[in-house]
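A short worksheet on the structure shown next.
The values are calculated or read from the model by the stated rules, or taken from the named source; none is laboratory data. Treat the numbers as computed from the prediction; the structure is a model and nothing was measured. We place every Cβ from the backbone using ideal geometry, glycine too, and count neighbours over all the protein chains shown.
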Amino acid sequence: MEAWIRLVGPNRTVEIDGVKLVGVNAENATKLLVTFGLIVIVLLLARLLQAAAGWLLSGRRDERTRFWTRQGIRLLTTGVLLVGVISIWFDDPTRLATALGLVSAGLAFALQKVVTAVAGYFVILRGQTFNVGDRIVMGGVRGDVIALGFSQTTIMEMGQPPPVQNADPAMWVQSRQYTGRIVTVSNAKIFDEPVFNYSREFPYIWEEVVLPVPYAADRGRAEQILLAVAVRHTVPLEEVSAENLAELERRYATRAADVKPRVYYRLTDNWLELTVRFIVRDHGVRELKDALSRDILRALDEAGIGIASATFEVVGLPPVRVAIRREDGGTAS
């Protein structure tokens, strides 16, 4: 065995049956074992820290605290692992500088998208674009952020309201509710497309319900019904949303907006279009609009007000004469 596998030369290079293996020596083998041990230790440390953080935060429902804790642990363990591997394999600063130059050149050429995605990860953290739990639109995908990695963001997809059903990609769920699909989007998308955040700074959105009524109907009563129903369902939100809006105006150059429900008129060729505008939370929009629609229909029925629709009324027909030929050649009308 000694004649078949030997360690030769000052660097103790491995030689198998007289053939020297370039780069394979006792020192490199030791470094490889130490590197493997370091990886195992760091991974175990990361698991322990994640478990400890989960236990400490088990009684809290603050998803942002959990998010930043997970990201901090991930960055810490990655940094320790990176520094450890570099220290093991590049004890000579000259070799380290050469290796870094070669790696940088290779990454710049072959892994442009990956590097951009990783850069996007740090921009997301530093720029506070969104957190886990936020409802966003990113890369054409609508939904809630459920995970953030170094290169990809994972989103629980939601449907789209009817006015944007033709958007790409098209949805079969006609509301902002989960479709059941989990979508991964590259973090590099933040450099190419805008990111729409429904809940980051101001977790409320304005919604509308449109009601067409005939011009002959009691439009004043219809307006009162819309306004009363909207106020009844959004009173708990007005005070909280007003405080959030004031904070938004203090931090950014935004104009004051009214959070109280309001009804708007629009004249059309066929009917009067009443639109009630109100504020809702970023989640639960479909449930609230469903409750509003039911109450509005009930109140309209009680008030005797109908909903206008595009129908045609036949008001008259010209006289019609039918002639039947008899067997004897005569006719009968």
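Might you let me know whether region 120-127 holds any residue that is buried (at least 21 other Cβ atoms within 10 Å of the Cβ), modelled with pLDDT of 85 or more and not in a helix (DSSP H, G or I)? The answer is no; no qualifying residue exists. Residues in region 140-155 that are surrounded by fewer than 18 Cβ atoms within 10 Å (Cβ to Cβ), under 24 Å from ARG286 (Cα atoms) and in contact with a strand residue (DSSP E or B) (Cβ under 7 Å, 6 or more places away or on another chain): ILE146, THR154.
Yes or no: THR268 among the β-branched types (Val, Ile, Thr) and over 24 Å from ALA291 (Cβ atoms)? Taking the combined requirement at face value, the residue satisfies it. Just to be sure before I move on: is VAL137 within 29 Å of PHE202 (Cβ to Cβ) and either modelled with pLDDT of 85 or more or surrounded by fewer than 16 Cβ atoms within 10 Å (Cβ to Cβ) (or both) in the structure I sent? Judged against the criteria, VAL137 is a match.
Of all residues in region 85-101, none satisfies being at pLDDT below 80, within 31 Å of the chain's Cα centre (by Cα) and not in a helix (DSSP H, G or I). Determine, yes or no, whether VAL185 is out of contact with any strand residue (DSSP E or B) (no Cβ under 8 Å at 6 or more places or on another chain) and either at pLDDT below 90 or on the phi < 0 side of the Ramachandran plot (or both). Considered against the rule, which asks whether it is out of contact with any strand residue (DSSP E or B) (no Cβ under 8 Å at 6 or more places or on another chain) and either at pLDDT below 90 or on the phi < 0 side of the Ramachandran plot (or both), VAL185 comes out as no. Within region 194-227, the set of residues being in a loop (DSSP other than H, G, I, E, B), at pLDDT 90 or above and among the acidic types (Asp, Glu) comprises ASP218 only. Might you let me know whether region 199-213 holds any residue that is touching a residue at least 40 places away in the same chain (Cβ under 8 Å), farther than 24 Å from PRO261 by Cβ and within 15 Å of the chain's Cα centre (by Cα)? Yes, that holds for at least one residue.
Could you check how many residues of region 19-48 are modelled with pLDDT under 65 and out of contact with any strand residue (DSSP E or B) (no Cβ under 9 Å at 6 or more places or on another chain)?
Number satisfying all stated conditions: 1.
Candidates are the residues of region 272-315 that are among the β-branched types (Val, Ile, Thr) and at pLDDT below 85; the one that is nearest to PRO203 (Cα to Cα) is THR311. Is one or more of the residues making up region 250-272 in a helix (DSSP H, G or I) and surrounded by fewer than 15 Cβ atoms within 10 Å (Cβ to Cβ)? Yes, some residue in region 250-272 is in a helix (DSSP H, G or I) and surrounded by fewer than 15 Cβ atoms within 10 Å (Cβ to Cβ).
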